[in-house]
Amino acid sequence: MGLLAGKKTLVTGASKGIGRSIALKFAKEGADVAFTYLSSVEQAQALEEELAAFGGQVLAVRSDASDFEAAQGLIAESLKAFGTLDVLVNNAGITKDNLLMRMSEEDFDRVLKVNLNSIFNTTKAVIRPMMKQKAGSIINISSVVGVKGNAGQANYAASKAGIIGFTKSTALELGSRNIRCNALAPGFIETEMTDRLDEATVQGWRDGIPMKRGGSPDEVADACVFLASDMSTYISGQVLNVCGAMLT
Ligand code: NAP
């Protein structure tokens with residue numbers, strides 16, 4: 001039996017990268033998986049088919065994580081399909097990097113809205129049903145950049161640091177209802193998001209990591225399976241760095 005057998009899960013932003021790996025690992029471990037996407041329609045369709053092959057229920061929803069009303073609809077649709085939701089993974093995220101001198105207000109606001117407001121949007125919608133069932137695991141994908149900061153990513157770092165404060169507060173508020181909330185802080189994970197960086201920057205990141213390599217989406221997904229599963233029932237309010245010892 002898989003680690004997530006019978007669990008009803010929702011992963012935001014799963015058409016690519018880390019979210020895609022999380023959705024696939026969840027399905028492989030026996031979970032029913034709802035997932036969202038926004039612009040990558042073909043990749044989402046392909047993922048839907050791959051997930052269905054594991055035999056569980058699958059729900060693909062095109063939904064903008066930054067839109068509050070859409071998030072309420074998304075949770076309602078997932079509950080309608082699955083009956084309950086045991087696990088919510090807030091993974092959807094973007095970067096709009098620039099030095100502060102050149103960063104526009106629009107790029108600051110958009111990154112905050114997609115990366116941070118999105119977590120409020122879905123968490124707000126999911127806590128009532130989780131409180132009713134007296135169980136739930138919420139996993140928010142932050143970043144080591146949210147702990148440490150990063151030149152050229154003030155908007156992104158602010159959003160990821162905000163996620164950590166939000167995660168800890170949620171854990172404190174909802175612990176008595178047996179709802180756990182943790183953050184994962186990946187380091188440098190090689191995905192399409194990081195493909196957009198130039199090769200010299202990428203090599204610089206790799207050289208600075210004690211394990212001398214970037215991580216893979218599957219390595220983040222493994223940590224996510226742990227936090228979603230009953231292997232972590234007394235772990236809440238924590239930030240787990242998945243970073244090859246980049247941040248200790
Ligand atoms: P990615 O390959 O660019 O994938 C991002 C995913 O988020 C896509 O599926 C995308 O969907 C979705 N998304 C973006 N905006 C959305 C929106 N408004 N509504 C719904 N979905 C949206 O990125 P990744 O590297 O896998 O990153 C995933 C998460 O890990 C992010 O939160 C990121 O900040 C975090 N992270 C990544 C790294 C890294 O090194 N890669 C490190 C630390 C943290 P569409 O393509 O369908 O729009």
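Per-structure values
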{"quantity": "Greater than 23 Å apart at Cα, pairs in Lys124/Lys160; Lys80/Lys134; Lys80/Lys132; Lys80/Lys124; Lys96/Lys212; Lys16/Lys160", "calculated": "Lys96/Lys212"}
{"quantity": "Alpha-carbon centroid distance for the pair the range 76-118 / the range 179-248, whole angstrom", "calculated": "18 Å"}
{"quantity": "Long-range tail of P(r) for the range 8-236 (Cα pairs > 24 Å, %)", "calculated": "41 percent"}
{"quantity": "Fewest-first sequence of Ser232, Ser21 by Cβ atoms within 10 Å of each Cβ", "calculated": "Ser232, Ser21"}
{"quantity": "Normalised contact order of the range 8-236, rounded percent, pairs of Cα under 8 Å and 6 or more residues apart", "calculated": "21 percent"}
{"quantity": "Thr248, Thr9 arranged by Cβ crowding within 10 Å, fewest neighbours leading", "calculated": "Thr248, Thr9"}
{"quantity": "Helix-only mean residue ellipticity at 222 nm for the chain, each DSSP H run of n ≥ 4 adding -39500 (n - 2.57), per residue, nearest 500", "calculated": "-14000 deg cm²/dmol"}
{"quantity": "Most mobile listed residue (Asn178, Asn90, Asn115) in the chain, GNM with C-alpha springs under 10 Å", "calculated": "Asn178"}
{"quantity": "Two-decimal log10 I(q)/I(0) for the range 70-195, as the Debye equation yields it once each C-alpha is a single scatterer, q = 0.10, 0.19 Å⁻¹", "calculated": "-0.34, -1.02"}
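Every read-out reported here was derived from the displayed coordinates using simple, explicitly stated rules and does not represent laboratory data. Just so it is clear, the structure is predicted and the values come from calculations on it, not from any experiment. Please note: Cβ atoms are built from the backbone with ideal geometry, for glycine as well, and neighbour counts cover all protein chains shown.
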